[in-house]
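Report on one structure; see the data block that follows.
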Amino acid sequence: VLLSDLLEGAELPLPTRVGLARKLAGATLFRRDAVDELHQRVVRMLRGLLGERLGRREEAELRSGLGRLLAQLGDLEGARAELERAVPNLDHDPAQAARAMAFLGIPFIGNRPAPVHLAWLRRAAEIDHRTLTAADRLALTIDRASGLLALGDESGWAVAAQIPTEAVRPDERLHVTRGHLNVGTSAMAWGHYAQARQRLMAALRLADADRYLRVRARILVALARLDWYTGAWRGLVERLGALAGTDRQ
């Protein structure tokens, strides 16, 4: 909120505004709260800045953040378009380039054939991991595992096995929570119900501990779906009624 107020209300030179916008995009992407009007507000500010005379690197960095925010808001085709425009000019920032490629590898990001998504995932894997922070490496592992498993690629399980059960740093804990949710949901689709429950319960424990509200509702919805598949139907109708629509937050 502070960063968005600064960008909207203060008279600042363009380079300062771009730097604040980069920080704002990152802070919004990893908020613990549900997606709300603040997300929409940040998207509007990023689009406004992209109308300024920016260098190719600055433009690519803002488009990368914008694309990932649009994905969170459900504008998947818009997310794909922004990320594809960003990647060619992110060569100076391997972490951002890898995250953008991995996002494009997830089959829900835009309407593209499976081989196109797999090609993006391969490009993301080729980024030199020695240039990435531990949190960036973890995020990339989770995004690659999520994309490969959603595409039905068996190699995704080996990547998913690299996701730890716990993390100390807050930013890494958020990634681990998201990773177990994604892999748990994929395990359910593959029919691996025991692993699905194990992963989803691990994600719920972390989400409760960190008050990660954005994904908590999605975890509960996934667990309810798993109970439906496995015949654990007692009280399920009431649970689903209470959860209706919450996974869209």
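Key figures for this structure:
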{"item": "Check: the chain dipole with +1 on Lys, Arg Cβ and -1 on Asp, Glu Cβ, in debye", "result": "320"}
{"item": "Listed residues D210, D91 arranged by accessible area, highest first, probe 1.4 Å", "result": "D91, D210"}
{"item": "Alpha-carbon centroid distance for the pair the stretch 58-105 / the stretch 11-26, whole angstrom", "result": "17"}
{"item": "Computed Kirkwood radius, in angstrom, where 1/r is averaged over Cα pairs of the stretch 159-249", "result": "13.3"}
{"item": "Spin-label model distance (nm) - L73 vs L29, 7 Å beyond Cα toward Cβ", "result": "1.6"}
{"item": "Estimated FRET transfer efficiency when R0 is 30 angstrom, pair A158-A114 (beta carbons, to 0.05)", "result": "0.95"}
{"item": "Under 16 Å from the H92 label point (7 Å along Cα→beta-carbon), backbone N, the stretch 6-32", "result": "14-23"}
{"item": "For the stretch 211-228 versus the stretch 112-164, the gap between their alpha-carbon centres in whole angstrom", "result": "23"}
{"item": "Ranked order, E11, E37 - accessible area, probe 1.4 Å, largest first", "result": "E11, E37"}
{"item": "Within the stretch 112-146, backbone nitrogen closer than 17 Å to the virtual label 7 Å beyond the Cα of Y229 toward Cβ", "result": "146"}
{"item": "Virtual paramagnetic centre 7 Å along Cα→Cβ of R41, amide N under 16 Å, in the stretch 1-18", "result": "1-10"}
{"item": "L12-A81 pseudo-label distance in nm [points 7 Å out on the Cα-to-Cβ vector]", "result": "2.8"}
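The values are calculated or read from the model by the stated rules, or taken from the named source; none is laboratory data. The structure presented is a predicted model; accordingly, all values stated were derived computationally and were not measured. Every residue, glycine as well, gets a Cβ built from its backbone with ideal geometry; the counts of neighbours run over all protein chains shown. SASA here: full protein model, heavy atoms, side chains in, ligands and nucleic acids out. Shrake-Rupley method; radii C 1.70, N 1.55, O 1.52, S 1.80 Å.
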